[in-house]
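Taking it in order: structure first as structure tokens, then the write-up.
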Amino acid sequence: MTRPAPKSFHVKSFGCQMNVYDGERMAELLGAQGMAAASEADAELVILNTCHIREKAAEKVYSDIGRQRREDGTRPMIAVAGCVAQAEGTEVTARTKDVDIVVGPQAYHELPQMIARAAKGERVHDLDLPGLDKFSKLPARRKTGPTAFLTVQEGCDKFCTYCVVPYTRGGEISRSYAAIVDEAKSLVDAGAKEITLLGQNVNAWEEDGKGLEHLIRALDAISGLQRIRYTTSHPNDMTDGLIRAHADVEKLMPFLHLPVQSGNDRVLKAMNRKHTADSYLKIIDRVRAARPDIALSGDFIVGFPGETEAEFEDTLRLIEAANYAMAFSFKYSPRPGTPAATMDAQIAPEVMDDRLQRLQGLLNTQQLAFNQASLGKRIQVLLERKGKLDGQKIGKSPWLQSVHIIADAQIGDMVEVDLVSAGPNSLAGTLVSKDVNAA
Ligand code: SF4
């Protein structure tokens, strides 16, 4: 079916921060083509930027495609992007006739010509994994609020047995130091005060034998940039240099997201995590020695095939030993094409529910205790958005805690506040001074 080339677009991103970053780059690319951003209900092109990490996430795409049909029976041009596009490819267009474009996470820089072909009635697929091409073909960064994401590394070579990422994002590739520093400078020029460096294995970033700390120190020198963060890391890529950066790079925030998934070595082996519970805890000790007030975050999977009650309790003991400020936890979800999906001894859903509840109970207790320990402190908060209440502003502490204040301060201000109350997911503060780092 031919149709007029769309003049407006809407990007709907699901899943991880890297998908959010890709969604922002797609919007900038189409904006640079003269297309206008519009709401999902009004856009002439809707891009579903998908996540494939769990069963439910993948299925969500097809119900979203169905919802694009409008009251007058028409529908916008529909593109499926992201990890479901990469994993399912032509299956997407085989399964529904309502999709015009299927584009993988490494090929979205080709969107303008794909849209032109789809307007002529073609159903277009591009699932190439051409490495870093896309970055050189994307327009300069335009949009930013006080915080911004910056992808520095893509793909993964670890092949954890439950994970689709190596198949949907390809092998580990590092963007060049020069391109990253340029993009960081353009983000700061566009108003960013905090940059989060992103990668499926961000601490695997490497250039000429130099690691992520090399990049962090380069960003530290950019005037106007006030905060640096990075995510997601693998324990085996936590180098001495990166740990040292936590000790002496002032703009590097005291927060580390370091997934571990399980506290039992047999399960970690079956997951192909290539580390043990003990080696993980030793890394935590070294990081805490470098930065004693660091906030630790983790990822956990309960109910991995074959996990016994005793092995699950090892995970609870690791959590007690590590003491998290926050963490993400999920029930194991078999992903097509991953080794674990065909493993024996898949765990019953009710057992997974019970284990997840107990694990989250412990994590919530730790998170509340971390927030309560911050009470009475005077800290800096970067205001990111408005809250629901009159005059309410919400921002993040250096430890990535959500802090809300009622004050006449602006989004983007780095303010100083006294923390006066603490809950499991956020803290409340009273304003002490506005825009403390304004040059
Ligand atoms: S390290 Fe992370 S992204 Fe890579 S395979 Fe394992 S879970 Fe997936």
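The values are calculated or read from the model by the stated rules, or taken from the named source; none is laboratory data. None of these values were measured; they are calculated from a predicted model. Positions of Cβ are generated from backbone atoms using ideal geometry, with glycine treated the same way; all protein chains shown enter the neighbour counts. What goes into the accessible areas is simple: the full protein's heavy atoms, side chains included, and nothing from ligands, DNA or RNA. Shrake-Rupley method; radii C 1.70, N 1.55, O 1.52, S 1.80 Å.
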(request) Could you check how many percent of all C-alpha pairs in segment 45-185 are farther apart than 21 Å? (result) 49
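Mind checking the full-extension length gain between residue 354 and residue 190? Use 0.36 nm per residue of separation minus the Cα-Cα distance, one decimal, nm.
Answer, rounded to one decimal: 54.3 nm.
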(message) Could you give me D for segment 149-273, from Stokes-Einstein at 37 °C and 0.692 mPa s, where the hydrodynamic radius is the Kirkwood radius over C-alpha pairs? Units µm² s⁻¹, please.
(response) 216
(message) Spelling out what I want: for every residue of segment 238-247, take phi, set θ = phi - 60°, compute 6.51 cos²θ - 1.76 cosθ + 1.60 (Karplus), and round to whole Hz; glycine and proline get x.
(response) 7, 7, 4, x, 5, 5, 5, 4, 5, 7
(request) Determine Rg/Rh for segment 378-433; Rg is computed over alpha-carbon atoms and Rh is the Kirkwood hydrodynamic estimate from the same atoms. (result) 0.90
(message) If DNA, RNA and ligands are ignored and the probe is 1.4 Å, what is the ranking of 396, 137 by accessible area, most exposed first?
(response) 137, 396
(message) Give me the base-10 log of I(q)/I(0) for the chain at each q in 0.13 Å⁻¹, Debye formula, one uniform scatterer per Cα, rounded to two decimals.
(response) -1.30
(request) Could you rank the peptides 90-97, 42-49, 73-80 by their average count of other C-beta atoms within 10 Å per residue, with the highest value first? (result) 42-49, 73-80, 90-97
(message) Output needed: percent of Cα pairs per 5 Å distance bin for segment 146-373, bins running from 0 to the one holding the longest distance.
(response) 1, 7, 14, 17, 18, 16, 13, 8, 4, 2, 0
(request) Place the peptides 159-172, 284-297 in order of packing, highest mean first, counting for every residue the other Cβ atoms within 10 Å and averaging per peptide. (result) 159-172, 284-297
(request) Apply the Karplus parameterisation 6.51 cos²θ - 1.76 cosθ + 1.60, with θ equal to phi minus 60°, to every residue of segment 335-340 and state each ³J(HN,Hα) to the nearest whole Hz, in sequence, with x for glycine and proline. (result) 9, x, x, 9, x, 5
(request) Apply the Debye scattering formula to segment 8-126, with a single equal point scatterer on each alpha-carbon and no solvent, then give log10 I(q)/I(0) at q = 0.11 Å⁻¹. (result) -0.30
(request) Pull up all non-local amide H partners of residue 384: gap of 5 or more, or a different chain, and H-to-H distance under 5 Å with H placed in the peptide plane. (result) 394, 395, 396, 412
(request) Tabulate in residue order the Karplus-calculated ³J(HN,Hα) for segment 11-18, using 6.51 cos²θ - 1.76 cosθ + 1.60 with θ = phi - 60°, rounded to whole Hz; enter x for Gly and Pro. (result) 9, 10, 9, 10, x, 7, 5, 5
(message) How large a share of the accessible area of segment 305-396, in percent, is made up of carbon and sulfur atoms when the probe is 1.4 Å and the other protein chains stay in place?
(response) 54
(message) Once neighbouring chains are kept in place and the probe is 1.4 Å, which whole percent of the accessible area of segment 2-52 is contributed by carbon and sulfur?
(response) 57
(message) Leaving out ligands, DNA and RNA, and with a 1.4 Å probe, what % of the accessible surface on segment 87-132 is carbon or sulfur?
(response) 49
(request) At 1.4 Å probe size, with every protein chain present, just tell me what the per residue accessible area of the chain comes to in Å². (result) 42
